[in-house]
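What follows is a single structure, written as structure tokens, with notes after it.
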Amino acid sequence: MAGATSPQGDEGTAGAKKESLWKTVRDQLVAEIESGMYPAGALLPSVRELTAKLTVSTTTARKALAELVSDGYARSEGTRGHVSEGPNAGRVEVAPTVTDVGPRAHAGAEGMSGVVVVRTAVRIPVDGAAPGRPTGVDVRTEAAPAEVALGLRLPDSADPVVVRRRLTADAHGVPSQLRVSYTVPVFAEGTRLAEPDLIEEPWSTALERAHELDLKVIESYVTARHPDDAEAAMLGLTPTACVLVRVDVTQATGHLDTQEGTRPIDYTMTVWPADSTRLDLEVRQ
């Protein structure tokens, strides 16, 4: 009879280990969110990425991500994956309202947390470099959105690209700019463009220094639209707010690819809250 009870005991031990494993994965993701590795609006690792990186089962990875959603640290966006809600998102706290920002302040719509975000008007120079300090950088490889795939002239719209997201805050700590750069892997990989370290210099300069190739901006324009869910979360806006979006497409002239030669290598979108952003334009004499 003793032999009959042993399997039950082993099964219970295995179940406990399995349960503690998804908790370990969840706790690691929570720590990375709290550290700023995955700021609000950033994509979290997929089930496939977690299973490969941490050598866990898909069941464990799915359970860990589901618990992040349950705890308020993430939300699910269907086929796009799981998106971070940012540090402290799992706690019931009210973010402080920015005060004493001067007569040029703009009160934006209620942010995702239900707090009215007060913004100081920010002037953006012609080169698009916003004043302020970066609050988060996220770099990963993922499929490009349809408009980006077209802009980069990807042979296959499902081809992955290196995506670098950088959020900038103004002097009061209020998010003021989101820059998302989609760079073809043949250009980014093996350089600091694909590393999660902060790049202080303008993005155009970083592109130029990555390789000994001549670069040229072949397309640059600004549009106005509503933010998508990730942009709204990271900039503290509602989906009905308005944002200004600048698109810059950069082309390399050189021997990047023996089959394609000259080709676009980077598609960068810079997003600003429309009500508090002033874009300086180049004045032509």
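Restricted to the range 249-279, and to residues there that are acidic (Asp, Glu) and modelled with pLDDT of 70 or more, the residue that is nearest to Pro125 (Cα to Cα) is Asp275. Just a yes or no: is a residue in the range 29-47 at positive phi and assigned to a helix (DSSP H, G or I)? No, that holds for no residue.
Residues in the range 189-202 that are of a type outside the set (S, T, N, Q) and farther than 18 Å from Ala42 by Cβ: Glu189, Gly190, Arg192, Glu200, Glu201, Pro202. In the set (1) over 21 Å from Glu219 (Cα atoms); (2) modelled with pLDDT of 85 or more; (3) in contact with a helix residue (DSSP H, G or I) (Cβ under 8 Å, 6 or more places away or on another chain); (4) not basic (Lys, Arg), Val161 fails one condition alone, (1). Among residues of the range 141-151 being crowded, with 18+ Cβ neighbours inside 10 Å and touching a residue at least 60 places away in the same chain (Cβ under 8 Å), the one that is farthest from His172 (Cα to Cα) is Gly151. Looking across the range 152-169, just one residue is surrounded by fewer than 17 Cβ atoms within 10 Å (Cβ to Cβ) and of a type in the set (Lys, Arg), and that is Arg153.
The values are calculated or read from the model by the stated rules, or taken from the named source; none is laboratory data. Just so it is clear, the model here is predicted, and its values are computed rather than measured. Please note: Cβ atoms are built from the backbone with ideal geometry, for glycine as well, and neighbour counts cover all protein chains shown.
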